[in-house]
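As structure tokens, the structure follows; a few thoughts come after it.
The values are calculated or read from the model by the stated rules, or taken from the named source; none is laboratory data. No experiment lies behind these values; they were computed from the predicted model shown. Cβ: placed from backbone, ideal geometry, glycine included. Neighbour counts: every protein chain shown. Heads up: the accessible areas ignore ligands, DNA and RNA and are worked out on the full protein's heavy atoms, side chains in. Shrake-Rupley method; radii C 1.70, N 1.55, O 1.52, S 1.80 Å.
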Amino acid sequence: MSQANEFWVVAEYKDGELQEVTLEMLGEARKLADKAGSLVGAVLMGEGVAALADPLAHYGADRVLLLDDALLAQYTTDAYTTALAELIQEQAPSLVLIGATANGKDLAPRLAARLRAGLATNCMTIKLGEGGALQMTRLDYGAQFQRTMVCSSTGTQLATIQPGVIGVGKPDTTRQAELTTVEVKLDPNKIRTKALGYLKPDPEKIDLTEADIIVSGGRGAGGPDRWPAIEELAAALGAAVGGSRVAMDLGLIPWKRMIGISGKSVAPKLYVAAGISGASHHTGGIRGAKLVIAINNDPAAPIFQSADLKVVADLREVLPATAKRLRDMAVSDEQGGQQ
Amino acid sequence: MRIVVCAKHVLDTSIPFEIDEESKGLVEDGLVYILNPADRCAVEEAVRLKERQGSGEVIVMTLGPAPAQEVLRECLTLGADRALHLLDRAFDDSDAYSTGFALAHAIEPLECDLIFCGSQSLDEGCSQVGAVIAESLDLPQVSAVTQLELGATQGSVSLQRKLDRGGREVIECSLPAVLTIEAGINEPRYPSLPMFMEALHKEIQVVDLDALGVRSQEVGRRGALTKHIGLGPIRPRTKITYTPESDIDPIEALRLMMSGQTAPSGQQSGDILKGEPDYLAQQIIRFLQQNGMTPEANV
Ligand SMILES: Cc1cc2nc3c(=O)[nH]c(=O)nc-3n(C[C@H](O)[C@H](O)[C@H](O)COP(=O)(O)OP(=O)(O)OC[C@H]3O[C@@H](n4cnc5c(N)ncnc54)[C@H](O)[C@@H]3O)c2cc1C
């Protein structure tokens, strides 16, 4: 029944949606499996998550192994390692890919140690080498070089994949996967950690490299009549505040919040740059940003070259107006009650 | 309470390296080794825990060649009580697995309550050793710990652990346990002269293969599960991108856009917005909404 030499992906999801890295890994596994003439399996663990089997198929899975159990509802090292290790031992896939996320980085080395399987962490690429051996590359020595490695263990090989490197392939909504429900036998007494709660990131304290939204100001936002507008918009958006080198020189932000090649490299979903000219020293630190809004009163400012939305305006006017609209929307939502 | 801290001698990666074409390794000349920053925080956290309790012992341990002894000496000045150096030619070319395996064997007879490792090493950053130790000793593990307190009940610790995107998980863990400590959990102290002097009298015990009581095929290169086959300049892969077609589900298209796989059409080029502040504010909000970035879409 079980197919040897399958390529597996351990699915990760949040709020009922597959994580981007899971989709990236499915695409990579698909390519490897096509080359090796094998199948892609996706392991889906949790409670009441069967609906995610469809998108797993759309992005490349031939079969979905569903482990549905109350003890898997929340990630714990013990439960996830035990459930996965038993499944891998039984079905012996040739490769298991795990996202290099907070949980993935906790799970993968524990799983590898239990299976006595080789593990390459934070990989960027995986290639099928001679004789079917897998070659993984990862960044090494403070990301100065790339290292190629192979697993010398026999049997299943493990790799964690750096999110955001591969890119998400095109989904095929007509694809279907065979769904296998795997019996889970976990002993609650053997789960030695207990998750007690989740603390949401505090935009004021969060490290900029972890922030989802950043509002950043530069020389154009300097001065007591201007900087409060940056903070006002950041508060309305729930964003962290950052700035350019000049903003730091003016004492508007501490060194830790300076963005650019000599400061932080950030990768938020949204980056708002106001009163920043867009020197390459600055934009070098925002290459990972997914969306950029630039606000500058000089239409020729180079920052507009890196922007998805280019707003030529005086930030003293447009930032407070935008913040006010956002606050009004939040209030009307609250009054609207439960929708 | 007895705490073991595993510390690593790592390359200072702020210095540029060169590759030796023949050996495919780094040119050894001019390399600088330091105590791994996260491990330094782990030592500090252990010493603080001991100080808070008023009693206990902090033991540091490293596996590495003779010069790695320097990091042990440094940990002793930071307040650790004694040190173990796993030193034997048989340990050469260990990978994360064979390192963790050997460390676990050295830790086992110490009967400690907590084992700390740094959450990541500066040079290779595989974040594996802690988990290998935990598995070898059949202990629970918590990784990327950013806050630590002794639990309300005896025999447990209450922790915060780093999740993705700035989130934290509050977690309770029974003891003994292995914790990997995140750099930044504390601000490690600067040792004073008396601390330096005191450290000179502390013991560094060398543990070789025989003393460890394992076989040579279980450690070092022979015990490793991975092998390095190449080192070279970074060749970034091309990230998959494509323009969504009209037949694609709009929600899917939006998600792809947000994940940066495609350019939001129309705005990438040209399109400079000008006008009255209120009009511009409206346009900015529209852009945020289109991309699912307004606060309520984000909670
Ligand atoms: C080796 C080196 C490393 C560096 N590293 C960094 C780094 O890591 N990060 C970094 O940021 N910089 C760095 N710099 C500095 C960098 O070259 C620029 O000098 C700096 O980024 C400029 O900051 P700015 O955009 O805030 O200021 P400016 O370049 O002065 O730009 C101010 C902008 O504000 C606009 N403006 C003014 N008034 C308004 C208004 N009312 N409304 C809207 N817009 C307005 C202006 O049109 C202008 O475009 C580095 C420089 C060197 C040489």
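Could you point to the residue in B:I185, B:G223, B:A42 farthest towards the positive end of chain B's charge dipole, with +1 and -1 charges on the Cβ of Lys/Arg and Asp/Glu respectively?
About the Cα centre, the residue reaching furthest to the positive side is B:I185.
Please arrange B:L288, A:L250 by accessible surface area, largest first, computed with a 1.4 Å probe and ligands excluded.
Accessible-area ranking of B:L288, A:L250, largest first: A:L250, B:L288.
Chains A and B: buried accessible surface, both sides, probe 1.4 Å, rounded to 100 Å²?
8300
Below 8 Å, C-alpha to C-alpha, sequence gap of six or more: please give me the relative contact order for region A:230-339 in percent.
22
Projected onto the charge dipole of the protein assembly as shown (+1 at Lys/Arg Cβ, -1 at Asp/Glu Cβ, origin at the Cα centre), which of B:Q53, A:A294, B:Q128 gives the Cα projection farthest towards the positive end?
A:A294
Would you be so kind as to identify which of A:I88, A:A240, A:P201 lies farthest towards the positive end of the dipole of chain A, taking Lys and Arg as +1 and Asp and Glu as -1 on Cβ and the Cα centre as origin?
It is A:A240.
Based on the alpha-carbon set only, what is the convex hull volume of chain A divided per residue, in Å³?
175
Above 18 angstrom, tally the Cα pairs of region A:5-94 and express them as a % of all pairs, no decimals.
41
Ratio to report: Rg/Rh of region B:47-135, with Cα atoms as the point set and Rh obtained by the Kirkwood method; give two decimals.
Looking at region B:47-135, the ratio lands at 0.95.
What is the Cα coordinate range of region A:7-190 on the first, second and third principal axes, sorted by size from largest, in whole angstrom?
43, 41, 30
Can you tally the net charge around A:A229? Count Lys and Arg as +1, Asp and Glu as -1, for every other residue whose Cβ sits under 12 Å from the Cβ of A:A229.
-2
Write down the Å³ per residue value for the convex hull defined by the alpha carbon atoms of chain B.
235
Accessible area of B:L137, 1.4 Å probe, to the nearest 10 Å²?
Around 40 Å² of this residue is reachable by solvent.
Run through all the Cα pairs of region A:270-315 and give the fraction in each 5 Å bin from 0, expressed as whole percent.
Histogram of Cα-Cα distances, whole percents per bin: 6, 28, 38, 20, 8, 0.
Going by alpha carbons, how many degrees (0 to 90, nearest 10) lie between the helix axis of A:227-237 and the longest principal axis of chain A?
For A:227-237 against chain A, the angle is about 40 degrees.
Taking K and R as +1 and D and E as -1, what net charge do the other residues with C-beta under 13 Å from the C-beta of A:A211 add up to?
+2
Considering only DSSP beta bridges whose two residues both sit in chain B, what percent are antiparallel, to the nearest 5?
Within chain B, antiparallel bridges account for around 40 percent of the total.
Among the listed pairs A:K14/A:K194; A:K256/A:K324; A:K205/A:K264, which are separated by more than 21 Å between their Cα atoms?
Going by Cα-Cα distance, A:K256/A:K324 fall outside the 21 Å limit.
Using +1 on the beta carbon of Lys and Arg, -1 on that of Asp and Glu, and nothing else charged, what's the dipole of the protein assembly as shown about the Cα centre, debye to 20?
740
With +1 on each Lys and Arg Cβ and -1 on each Asp and Glu Cβ, how big is the dipole of region A:7-190 about its Cα centre, in debye rounded to the nearest 20?
Dipole about the Cα centre, nearest 20: 700 debye.
Cross-chain or 8 or more residues apart, Cα under 21 Å: how many lysine pairs in chain B fit that? Count them up, please.
Close lysine pairs found across chain B: 4.
Relative contact order (percent) for chain B, with alpha-carbon contacts under 8 angstrom and 6 or more residues of separation?
20
Just to confirm a number: summing +1 for Lys and Arg and -1 for Asp and Glu over residues other than B:G30 whose beta-carbon lies under 12 angstrom from that of B:G30, what do you get?
-4
About the Cα centre of region B:2-223, what is the dipole size in debye to 20, counting +1 per Lys and Arg Cβ and -1 per Asp and Glu Cβ, all else neutral?
Charge dipole of region B:2-223: 700 debye, to the nearest 20.
By how many degrees, between 0 and 90 and to the nearest 10, does the Cα long axis of helix A:77-91 differ from the longest principal axis of chain A?
So the inclination is approximately 40 degrees.
Give me the log10 of I(q) over I(0) for region B:22-172 at q = 0.11, 0.12 Å⁻¹, as the Debye formula computes it from C-alpha points; what are the numbers?
Those come out to -0.46, -0.55, one per q.
Tell me, what is the percent relative contact order of chain A, built from C-alpha pairs under 8 Å that lie six or more residues apart?
13 percent.
Compute the distribution of all C-alpha to C-alpha distances in region A:225-339, in bins of 10 Å from 0, and list the percent of pairs in each, rounded to whole numbers.
Percent of Cα pairs in each bin: 14, 44, 31, 9, 2.
Take chain A, connect every pair of alpha-carbon atoms lying under 10 Å apart with a spring to form a Gaussian network, then pick out the residue of A:A294, A:A11, A:A120 with the largest mean-square fluctuation.
Sorting by GNM fluctuation, first place goes to A:A294.
For region B:39-65 and region B:91-130, what is the separation of their C-alpha centers, rounded to whole Å?
15
Kindly work out what percent of the DSSP beta bridges joining two residues of region A:7-190 are antiparallel, to the nearest 5.
Bridges in region A:7-190 that DSSP calls antiparallel: roughly 30 percent.
How big is the shadow of the Cα convex hull of region B:1-95, averaged over all directions, in nm²?
Directional mean of the projected Cα hull area for region B:1-95 stands at 7.0 nm².
When DSSP assigns beta bridges and you keep just the ones with both residues in region A:95-199, what percent turn out antiparallel, to the nearest 5?
Bridges in region A:95-199 are about 55 percent antiparallel.
Taking 10 °C and 1.306 mPa s as the conditions, I'd like the Stokes-Einstein D for region B:99-169 in µm²/s, using the Kirkwood hydrodynamic radius from alpha carbon pairs.
118
Please give the helix A:102-115 orientation as an angle from the longest Cα principal axis of chain A, in degrees from 0 to 90, rounded to the nearest 10.
Once rounded, the angle reads 20 degrees.
Please report, largest first and rounded to whole Å, the three semi-axes of the ellipsoid equivalent to region A:168-265, where each semi-axis is the square root of five times an eigenvalue of the C-alpha gyration tensor.
43, 21, 13
Given N residues in the protein assembly as shown, what is its alpha carbon radius of gyration divided by 2.2 N^0.38 Å?
Normalised Rg, Cα atoms only: 1.00.
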